[in-house]
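Asker: Below is a structure I'd like to ask you about.
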Amino acid sequence: MTDRVPLVAGNWKMNKSAVEATALVNILAQSLAARHPVCDVLVAPPFTALAAVIEALRGTDIMVAAQNVFWEDSGAFTGEVSAPMIRDLGCTHVIVGHSERRQLFGDTDTSVSKRLQACLRSDLIPIFCLGETLDQRESGSTFAVVKRQLIEGLGSVKFASPRQLILAYEPVWAIGTGLNATPSQAQEVHSALREELGTVFGAGFAQQVLILYGGSVKPDNAKSLFDCEDIDGGLIGGASLKADDFLGIIYSA
Ligand code: PGA
């Protein structure tokens, strides 16, 4: 048995000014204070809105993540932001290896692994994203691809506790497309990922790791996905930008 508490996380991507971000989290905080969800809730605003959002959420249970992190702690790396800086702001989590970072900004399994290790050094929990493209799914290599991403990304990373890792399975073909994986398609990948984690870290560890699903999660499909045994919540893009949609998903969990 496991005591995994589901997590619903909003990945805002490159959206919202600090003022807009504050307005959105104020609505979320009010609603969640009036009606407590049974899941944990997290938002990942762009870097420029992190400070405002953290300030607005002080005293609430809503957690805040950055959307990326550089692997060195400081130095001559113009334009980059380090894990100690993100931790210093008050973030608890970082999204690492999102498919948009892999596809548009050259992230590889190796760089993802370095980012993961930087998170752990600074006591930040990585939300480690992986998932196959449409071509990979159609050619039958989904399991091989996500297992490779998992193993290479985790590399030689040492975890003191399964609470230091969150996985997000996000099939690339389902992100922002309106095409979500069916609950059974998602469940079979989640279960394979948990099995692989068990092989590497032991079954007890694997049972405690949260595995989120991401890719066109909406209020009307969230429940059927979250009901699956190995789906521990979601990483929500588009639908996390509107309070009503995000709250609808949170209350499905
Ligand atoms: P989506 O994005 O919900 O808009 O498909 C999910 C994500 O990219 O994390």
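The values are calculated or read from the model by the stated rules, or taken from the named source; none is laboratory data. Treat the numbers as computed from the prediction; the structure is a model and nothing was measured. Don't worry about glycine lacking a Cβ; one is built from the backbone with ideal geometry, like all the others, and counts go over all protein chains shown. Ligands, DNA and RNA are stripped out before the accessible areas are found, and what is left, the full protein with its side chains, is counted by its heavy atoms. Shrake-Rupley method; radii C 1.70, N 1.55, O 1.52, S 1.80 Å.
Asker: Tell me yes or no: at least one residue of region 135-146 is in contact (Cβ under 8 Å) with a residue 40 or more places away in the chain and away from the ligand (no atom under 16 Å from the Cβ). Even if it seems obvious, please write down each step before you answer.
Answerer: Residues of region 135-146 in contact (Cβ under 8 Å) with a residue 40 or more places away in the chain: 142-143, 146.
Subset that is away from the ligand (no atom under 16 Å from the Cβ): 142-143.
Yes, the conditions are met somewhere in region 135-146.
Asker: Moving on to the next point. Have a look at Ala76, Ala83, Ala44, Ala56 and point out the one that is open to solvent by 40 Å² or more (accessible area, probe 1.4 Å) and not charged (D, E, K, R). Spell out the reasoning first.
Answerer: Values: Ala83 fails: open to solvent by 40 Å² or more (accessible area, probe 1.4 Å); Ala44 fails: open to solvent by 40 Å² or more (accessible area, probe 1.4 Å); Ala56 fails: open to solvent by 40 Å² or more (accessible area, probe 1.4 Å).
Exactly one of Ala76, Ala83, Ala44, Ala56 is open to solvent by 40 Å² or more (accessible area, probe 1.4 Å) and not charged (D, E, K, R), namely Ala76.
Asker: I would also like to ask the following. Quick test for you: out of Val43, Val8, Val53, Val64, pick the one residue that is modelled with pLDDT of 95 or more, within 24 Å of Gly233 (Cα to Cα), assigned to a helix (DSSP H, G or I) and within 18 Å of the chain's Cα centre (by Cα). Explain how you work it out, then say what you get.
Answerer: Details: Val43 fails: assigned to a helix (DSSP H, G or I); Val8 fails: assigned to a helix (DSSP H, G or I); Val64 fails: assigned to a helix (DSSP H, G or I).
Only one candidate passes the filter, namely Val53.
Asker: Right, another one. What is the number of the single condition among (1) open to solvent by less than 60 Å² (accessible area, probe 1.4 Å); (2) more than 25 Å from Arg148 (Cβ to Cβ); (3) free of Cβ contacts under 8 Å to residues at least 40 places away in the same chain that Leu24 does not meet?
Answerer: It fails just one condition, (3).
Asker: Then there's this: Taking the condition assigned to a strand (DSSP E or B), within 15 Å of the ligand (Cβ to nearest atom) and among the aliphatic types (A, V, I, L, M), does Leu225 pass? First the steps, then the outcome.
Answerer: Values: assigned to a strand (DSSP E or B): no; within 15 Å of the ligand (Cβ to nearest atom): yes; among the aliphatic types (A, V, I, L, M): yes.
No.
Asker: Only one of these conditions is not met by Ala206: (1) open to solvent by 70 Å² or more (accessible area, probe 1.4 Å); (2) at pLDDT 95 or above. Which number is it?
Answerer: It fails just one condition, (1).
Asker: Additional query: Would you mention how many residues in region 179-222 are closer than 17 Å to Asp245 by Cβ and assigned to a helix (DSSP H, G or I)?
Answerer: Looking only at that region, the number is 4.
Asker: I've got another one for you. Can you name the condition, by its number, that Gly215 falls short on among (1) open to solvent by less than 20 Å² (accessible area, probe 1.4 Å); (2) away from the ligand (no atom under 15 Å from the Cβ)?
Answerer: Result: Gly215 fails condition (2) only.
Asker: Does Val189 count as modelled with pLDDT of 95 or more and within 16 Å of the ligand (Cβ to nearest atom)?
Answerer: Values: modelled with pLDDT of 95 or more: yes; within 16 Å of the ligand (Cβ to nearest atom): yes.
So Val189 passes the test.
Asker: What are the pairs, 6+ residues apart or on separate chains, where a residue within region 228-243 that is among the charged types (D, E, K, R) and modelled with pLDDT of 95 or more has its Cβ under 8 Å from a residue that is open to solvent by less than 10 Å² (accessible area, probe 1.4 Å) and near the ligand (Cβ under 7 Å from one of its atoms)?
Answerer: As it stands, the answer is none, since no pair meets every condition given.
Asker: Taking the residues in region 80-109 that are touching a helix residue (DSSP H, G or I) at 6+ places or on another chain (Cβ under 7 Å) and part of a helix (DSSP H, G or I) as candidates, determine which candidate is farthest from Leu130 (Cα to Cα).
Answerer: The extreme case among them is Leu89.
Asker: OK, next. Within the group Ala168, Ala181, which residue is within 16 Å of the ligand (Cβ to nearest atom), surrounded by 23 or more Cβ atoms within 10 Å (Cβ to Cβ) and modelled with pLDDT under 95?
Answerer: Working: Ala168 fails: modelled with pLDDT under 95.
Ala181 is the lone residue from the list that is within 16 Å of the ligand (Cβ to nearest atom), surrounded by 23 or more Cβ atoms within 10 Å (Cβ to Cβ) and modelled with pLDDT under 95.
Asker: Name, by its number, the condition in (1) at negative phi; (2) at pLDDT 95 or above; (3) assigned to a loop (DSSP other than H, G, I, E, B) that does not hold for Leu116.
Answerer: (3)
Asker: Which condition breaks for Gly176 when tested against (1) within 16 Å of the ligand (Cβ to nearest atom); (2) in a helix (DSSP H, G or I); (3) within 23 Å of Ile250 (Cβ to Cβ); (4) open to solvent by 40 Å² or more (accessible area, probe 1.4 Å)?
Answerer: So Gly176 meets the others, but not (2).
Asker: Next question. Is it fair to say Gly106 is open to solvent by 50 Å² or more (accessible area, probe 1.4 Å) and either in contact with a strand residue (DSSP E or B) (Cβ under 7 Å, 6 or more places away or on another chain) or at positive phi (or both)? Full working, then the answer.
Answerer: Details: open to solvent by 50 Å² or more (accessible area, probe 1.4 Å): yes; either in contact with a strand residue (DSSP E or B) (Cβ under 7 Å, 6 or more places away or on another chain) or at positive phi (or both): yes.
When the stated conditions are applied, Gly106 passes them.
Asker: Also, I was wondering about something else. Take region 228-247 and flag every residue that is out of contact with any Leu (no Cβ under 9 Å at 6 or more places or on another chain), more than 12 Å from Leu28 (Cβ to Cβ) and either of a type in the set (Asp, Glu) or more than 11 Å from the ligand (Cβ to nearest atom) (or both).
Answerer: Scanning region 228-247 gives Cys228, Glu229.
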